[in-house]
Amino acid sequence: MINKVNIMVILKKKFIAKDTIEFVLKNEFISHHASPGQFLHILIDGLTLRRPVSIADIDKSSNEVTIAFKIVGTGTKKLASYEPGQSIDVLGPLGNGFDISNTHPKKVLLIGGGIGIPPLYHLGKRLSENNVKIISILGYQTKESVFYEREFQELGDTYVVTDDGTHGYQGVVTDVLTKVSSFDTFYTCGPTPMLKAIKERLSNSDGYVSLEERMGCGIGACLACVIPTSDGEGYKKICQDGPVFHAKEVNLS
Amino acid sequence: MINKVNIMVILKKKFIAKDTIEFVLKNEFISHHASPGQFLHILIDGLTLRRPVSIADIDKSSNEVTIAFKIVGTGTKKLASYEPGQSIDVLGPLGNGFDISNTHPKKVLLIGGGIGIPPLYHLGKRLSENNVKIISILGYQTKESVFYEREFQELGDTYVVTDDGTHGYQGVVTDVLTKVSSFDTFYTCGPTPMLKAIKERLSNSDGYVSLEERMGCGIGACLACVIPTSDGEGYKKICQDGPVFHAKEVNLS
Amino acid sequence: MNLSVNLPGLSMKNPIMPASGCFGFGREYSSFFDLSTLGAVIMKSATKNERLGNPTPRVAETSSGMLNAIGLQNPGVEKIIESEIPFLADYDTCIIANIAGSSVEEYEYVAESFNQTDHVDALELNISCPNVKEGGIQFGTDPYMAAFVTETVKKVTNLPVYVKLSPNVTDIVAIAKAVESAGADGLSMINTLTGMQMHLPSQKPLIANKTGGLSGPAIKPIAIRMIYEVKQQVSIPIIGMGGIANAEDVLEFLLAGANAVAIGTANFNNPFICPEIINGLPNVLNKYGFHSINEAVGKGIFHEPADLSRS
Amino acid sequence: MNLSVNLPGLSMKNPIMPASGCFGFGREYSSFFDLSTLGAVIMKSATKNERLGNPTPRVAETSSGMLNAIGLQNPGVEKIIESEIPFLADYDTCIIANIAGSSVEEYEYVAESFNQTDHVDALELNISCPNVKEGGIQFGTDPYMAAFVTETVKKVTNLPVYVKLSPNVTDIVAIAKAVESAGADGLSMINTLTGMQMHLPSQKPLIANKTGGLSGPAIKPIAIRMIYEVKQQVSIPIIGMGGIANAEDVLEFLLAGANAVAIGTANFNNPFICPEIINGLPNVLNKYGFHSINEAVGKGIFHEPADLSRS
Ligand SMILES: Cc1cc2nc3c(=O)[nH]c(=O)nc-3n(C[C@H](O)[C@H](O)[C@H](O)COP(=O)(O)OP(=O)(O)OC[C@H]3O[C@@H](n4cnc5c(N)ncnc54)[C@H](O)[C@@H]3O)c2cc1C
Ligand SMILES: Cc1cc2nc3c(=O)[nH]c(=O)nc-3n(C[C@H](O)[C@H](O)[C@H](O)COP(=O)(O)OP(=O)(O)OC[C@H]3O[C@@H](n4cnc5c(N)ncnc54)[C@H](O)[C@@H]3O)c2cc1C
Ligand SMILES: Cc1cc2nc3c(=O)[nH]c(=O)nc-3n(C[C@H](O)[C@H](O)[C@H](O)COP(=O)(O)O)c2cc1C
Ligand SMILES: Cc1cc2nc3c(=O)[nH]c(=O)nc-3n(C[C@H](O)[C@H](O)[C@H](O)COP(=O)(O)O)c2cc1C
Ligand code: FES
Ligand code: FES
């Protein structure tokens, strides 16, 4: 029986882009047990439901866990008001992350959109430690929303696109797919329309998608966060079976 | 049209007795307009209704306003968690305070019970500035609940009683009434049973009682906080017509 | 942006009005802001004679809400016409008189009394107050009684009548349709849900009246659902209320089908809430692509192209 | 302190159980704490066949509450008996099977199916789920239908039957009395209130099913009021629920007349809430002068010596 509720002290807080905040949190258990693609379910004072946020990085030696999130509503706004020294109550690490057990892929493509980018950074770092070659495509709304660009460049070739062309290429992530040479596996996280477009364009490639859905429990008990499986036979739970799925496994609508 | 919502910075915070906290707040408007017996209606994060708390002291020269309150439930617990430097949103000064326009009384008796004591301190200080002689009776549950004893002693003779006799006399405030020589007017604030007992015992004296009731608006619009008048003909609003009433004006049940 | 809204009897500069019972007769709030900024003021319920209301405690706080059992305390309709309406009439805002009673005759009497003044623009018929004992008949929970009281009032008044519905019913659409057929010019919804709080130290209900009406943000999802359901079945306008605390909430009510809104409990938290919402509304409408109030009304009523249910 | 409670079929070490649909079949929560600490577990609703439930989004957050429209997703009664009950049966706790259906026949079938296993201690009859479309009959809002389905189920089962009431009714006492007469062994109340949230960016209801069931602290005052009313009119025990988040809330429900309680939404906020409440309960009972659970049940039902109303 593991006590999965963890208290995490906020060590650092940084505005890394417009409305986008990075927290470095301290917790030994999570830093030692989290794998790329897993998330934290965060209790926010006064709210009924916890908020899921992906792990953006971990540092086992210092017991540090990094998250990055965008202010989009009540919960993230409140979370953004927390200051270093304060603690947050967290359930996690939750879910099944990216499958990297298969060490065959020698070259992977990471495709991240907006606030879907943080978990891919964690993934990229771990893969690159295993000498996997990384190519990244990162999509943002506009110049002011860009974050982690340099961090991804350190991992390998990185293509940045913005909706309005104010930074990098103008367009959406699929517009630069042609610039990318061959790869073994793709990993993607971002808004559903983006994931859908990628799934179609890369239907001949092996790949994984990380999904979002409104959650209740976050642990697989309430059946709030389901996604239809592609065999049409049922649902998977994003919080427990996912959030990462093989691209062929699920139906995006 | 006066903007009666005020932002008050917490300058000092002090635990003055068991579960009892004193805040010194800064606000020019309130420090210059509040009279003894008036209260503040305090907004507390996450709560639907404001909480009424009496003004315990003011210092016009430094624009400071003091309140003292006891932790009894959700709101006061949360308020007690606020730290110096934080601000609170306050409606006030509200209500009608103690009638001190009549400067005839040369000797007054203050009778306070527990958390009814703070407004009497403000009153005592103002009266003593006008050379009125002050006698005070202060009742508390137990030794650890005692606060403002020295402050009242500086104003004049002070009798302290505790329910369990751990400090001062043992008993309730009415038990020491016999020790008090004559006075012109009494002013009292505290739990309703105490006020009732005093009203009966001092039915031949001129006096004022300050009342408490659960409030909605705090400004006289919602009719939540009424008290039957002694003529049996209607109600008065504690928040607007009171909280201080002439002892003969209202019916305590 | 033009926020004006025209409803039967009410030519309003904006759709925001304080809810009945949460604003008295406006006097107290008039020292906080200019009442002329309001679309309308809904007055505290009026009865035939003065009523002293219920014993205290009359209010309790709940999670994101409050309970009240004021018990219709008011000085009686004559005094209201004599002393309160002239005060409000000095402001450039519409006046809605809310009427209540323990019998159909009382509703009739009060409604007729308001013909004496020229300053009232519409009546709001409170057939849903859960906090009074006598009379016994819950006009608001029986479609026949609701229709009967509406019809009776319509006969004696010259003013448009907005019937204020109770949410404490199995089928709010049935009540709404019944009062529409009986001649109601509009609906006002929702009144409070009947609730209770236990006071642990005294081991009994905290509110002296035992039960009280639940209001505030806690009930907003219920109000939105009921307005959404009723809007699709009636053609008279709806004044929406229940937990509104900001301009986004107002838009939510408009999308669900409200033509205008009333703000109750939030006044206690922030006495400036009505003018603040009026000021904030243009930005919120703009943000979500609307150019007027009417454009948003009922826009959220959504009919699926086909049955997408997978079960 | 002895927290044990004995109700028909349920000999429980304490009055705390997770509410149906908020705890799955216990597997997930079993990695957080030992399920043997619980008085009972109420399983997710079972239907005859597997159900896939509603499209997403299925949940939304509201002030002090949440909306859900899961739509009774479950693997079907056979699978539950085969795969889920044996898992739960390994714990030292009572098992309550919650059954749902779109027709009286389905309820009958599911109830009868549970006779196959020895491990279920009682049935909870969900006649109040607001989140399913087909069938159309709202068994929970009509006293005759409620009684009929209760009677039918009673005929085919050997287990005590707790009927779970819907709060979306004008007169909950009428439904309670009807199911009591039809043979119910106990009541379970309340299920969720039907609500809705508008999603401003998309200008339509946020929940794919449009309406959802409102749960959480927001509805607690309504639950307390309904239990208080029903308790005075029935003699079968009540399992209370609706917004319970701590041990003080439990005592509030006991005072209002609940014999035991279930905890739903609060599990999502804190997966340890059930054991934490069980641990905290003795202190809270003590503080307010109670020596057992039973001593507190219905203690808050308060009859005024005389009419104190001053109006
Ligand atoms: C597995 C997972 C990982 C995520 N990782 C990140 C991350 O690393 N950084 C980041 O910025 N965001 C991330 N999100 C999205 C994040 O959870 C939402 O932005 C956040 O919950 C919004 O909360 P709010 O109160 O600010 O917004 P509100 O709109 O006020 O929230 C209302 C309700 O809707 C839910 N909700 C709203 N948007 C989303 C969404 N996109 N996904 C799921 N639930 C939602 C909230 O949790 C809450 O219950 C992730 C979501 C999931 C499911
Ligand atoms: C005019 C006035 C002046 C007051 N001055 C002081 C003071 O100087 N110091 C102090 O410690 N207390 C004072 N009180 C009492 C104080 O308002 C309550 O202790 C406080 O509201 C309790 O809030 P809570 O959230 O902690 O308790 P809860 O019990 O959780 O509050 C629930 C609700 O009940 C109301 N309530 C509970 N107890 C009281 C009460 N005794 N009077 C009025 N409302 C109550 C709360 O305002 C709230 O709406 C005063 C009350 C009034 C009416
Ligand atoms: C203290 C209080 C008193 C009320 N008095 C009345 C009343 O006299 N007549 C009436 O029709 N509604 C009355 N109501 C109901 C409100 O007008 C409104 O319908 C309800 O509170 C829901 O709106 P809210 O959540 O914004 O408060 C009262 C509500 C409160 C909180
Ligand atoms: C996500 C969710 C799913 C639910 N599913 C069921 C269900 O399958 N059957 C049922 O009888 N009640 C169901 N309920 C209702 C709860 O059992 C409970 O009656 C209600 O939520 C009130 O309690 P609470 O406020 O503690 O959550 C569900 C509630 C929630 C929040
Ligand atoms: S959030 Fe409850 S099952 Fe996924
Ligand atoms: S609190 Fe509203 S009238 Fe006094």
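Reported count of residues in the range D:69-79, each being more than 7 Å from every other protein chain (Cβ to nearest Cβ) and either within 12 Å of ligand 4 (Cβ to nearest atom) or open to solvent by 10 Å² or more (accessible area, probe 1.4 Å) (or both), is 6.
Within the range A:96-132, the residues that satisfy the criterion of being part of a strand (DSSP E or B), within 14 Å of residue A:54 (Cβ to Cβ) and of a type outside the set (S, T, N, Q) are A:110, A:112, A:113. Given the criteria away from every other protein chain (no Cβ under 12 Å), over 28 Å from residue C:297 (Cβ atoms) and either of a type in the set (Gly, Ala, Ser) or without any contact (Cβ under 8 Å) to a residue 12 or more places away in the chain (or both), does residue D:147 qualify? In short, yes. The set of residues in the range B:235-246 being touching an Asp or Glu at 6+ places or on another chain (Cβ under 8 Å) and more than 16 Å from ligand 3 (Cβ to nearest atom) consists of B:236, B:243, B:244, B:246. If you go through the range B:66-90 and pick out every residue that is of a type outside the set (Gly, Ala, Ser) and within 12 Å of ligand 2 (Cβ to nearest atom), you end up with 11. Taken together, the residues in the range D:16-68 that are of a type outside the set (Val, Ile, Thr) and away from chain C (no Cβ under 14 Å) amount to 26. Candidates in the range D:272-296 are the residues that are open to solvent by 30 Å² or more (accessible area, probe 1.4 Å) and within 19 Å of residue D:224 (Cα to Cα); of these, the one that is nearest to the chain's Cα centre (by Cα) is D:294. Among all residues of the range A:177-191, there is none that is surrounded by fewer than 16 Cβ atoms within 10 Å (Cβ to Cβ) and acidic (Asp, Glu). Listed conditions (1) away from every other protein chain (no Cβ under 14 Å); (2) within 15 Å of ligand 2 (Cβ to nearest atom); (3) open to solvent by less than 50 Å² (accessible area, probe 1.4 Å) are all met by residue B:107, apart from (2).
Looking at A:83, A:22, which one is among the acidic types (Asp, Glu), open to solvent by 60 Å² or more (accessible area, probe 1.4 Å) and in contact with a strand residue (DSSP E or B) (Cβ under 7 Å, 6 or more places away or on another chain)?
Numbers: A:22 fails: open to solvent by 60 Å² or more (accessible area, probe 1.4 Å).
Checking each option against the conditions leaves just A:83.
Yes/no matrix, rows are residues, columns are (1) in a strand (DSSP E or B); (2) more than 14 Å from chain A (Cβ to nearest Cβ); (3) among the hydrophobic types (A, V, I, L, M, F, W, C):
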residue	(1), (2), (3)
B:22	yes, yes, no
B:25	yes, yes, yes
B:36	no, yes, no
B:49	no, yes, yes
B:58	yes, yes, yes
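Would you mind telling me which numbered condition in (1) over 15 Å from the mean Cα position of the chain (by Cα); (2) at the interface with chain D (Cβ under 7 Å from one of its Cβ atoms); (3) over 30 Å from residue D:301 (Cα atoms) residue C:224 fails? Among (1) over 15 Å from the mean Cα position of the chain (by Cα); (2) at the interface with chain D (Cβ under 7 Å from one of its Cβ atoms); (3) over 30 Å from residue D:301 (Cα atoms), residue C:224 violates only (1).
Quick check on my filter: what residues within the range C:119-140 are open to solvent by 60 Å² or more (accessible area, probe 1.4 Å) and either within 12 Å of chain D (Cβ to nearest Cβ) or at pLDDT 95 or above (or both)? If the condition is that a residue be open to solvent by 60 Å² or more (accessible area, probe 1.4 Å) and either within 12 Å of chain D (Cβ to nearest Cβ) or at pLDDT 95 or above (or both), then C:119, C:133, C:134, C:138 are the ones that fit. Identify all residues within the range D:207-216 that are crowded, with 24+ Cβ neighbours inside 10 Å and either more than 7 Å from chain C (Cβ to nearest Cβ) or not in a strand (DSSP E or B) (or both); write none if there are none. Passing the criteria: D:207, D:209, D:212, D:213, D:215, D:216.
Please enumerate the residues belonging to the range B:133-159 that are in a strand (DSSP E or B) and either open to solvent by less than 20 Å² (accessible area, probe 1.4 Å) or within 15 Å of residue B:68 (Cβ to Cβ) (or both).
Across the range B:133-159, the qualifying residues are B:134, B:135, B:136, B:137, B:138, B:139, B:140.
Where strands (runs of 3 or more DSSP E) fall entirely within the range B:170-253, those with at least 2 residues that are within 18 Å of residue C:55 (Cα to Cα) and within 14 Å of chain C (Cβ to nearest Cβ) are at B:226-228, B:235-237. Output yes when any residue across the range D:203-217 is at pLDDT 95 or above, on the phi > 0 side of the Ramachandran plot and within 19 Å of the chain's Cα centre (by Cα), and no when none is. Checked the range D:203-217: at least one residue is at pLDDT 95 or above, on the phi > 0 side of the Ramachandran plot and within 19 Å of the chain's Cα centre (by Cα). Provide a single number: the residues in the range B:229-252 that are open to solvent by 30 Å² or more (accessible area, probe 1.4 Å) and either within 16 Å of ligand 4 (Cβ to nearest atom) or without any contact (Cβ under 8 Å) to a residue 60 or more places away in the chain (or both). Residues that pass the stated criteria total 10. Selection of the range D:43-60 for residues being more than 11 Å from residue D:212 (Cα to Cα) and either out of contact with any Asp or Glu (no Cβ under 8 Å at 6 or more places or on another chain) or surrounded by 24 or more Cβ atoms within 10 Å (Cβ to Cβ) (or both) yields D:43, D:44, D:45, D:46, D:47, D:49, D:50, D:51, D:52, D:53, D:55.
Being at pLDDT below 95 and either within 16 Å of ligand 4 (Cβ to nearest atom) or under 19 Å from the mean Cα position of the chain (by Cα) (or both) holds for only one residue in C:143, C:167, and it is C:143. Of all the residues in the range B:211-226, those that are within 19 Å of residue C:67 (Cα to Cα), open to solvent by less than 40 Å² (accessible area, probe 1.4 Å) and away from ligand 3 (no atom under 16 Å from the Cβ) number 0. Of all residues in the range C:6-14, one or more are hydroxyl-bearing (Ser, Thr, Tyr) and more than 8 Å from chain B (Cβ to nearest Cβ).
The values are calculated or read from the model by the stated rules, or taken from the named source; none is laboratory data. Treat the numbers as computed from the prediction; the structure is a model and nothing was measured. Virtual Cβ from ideal backbone geometry, glycine too; neighbours counted across all protein chains shown. Calculation scope for accessible area: heavy atoms of the full protein, side chains included, ligands and nucleic acids excluded. Shrake-Rupley method; radii C 1.70, N 1.55, O 1.52, S 1.80 Å.
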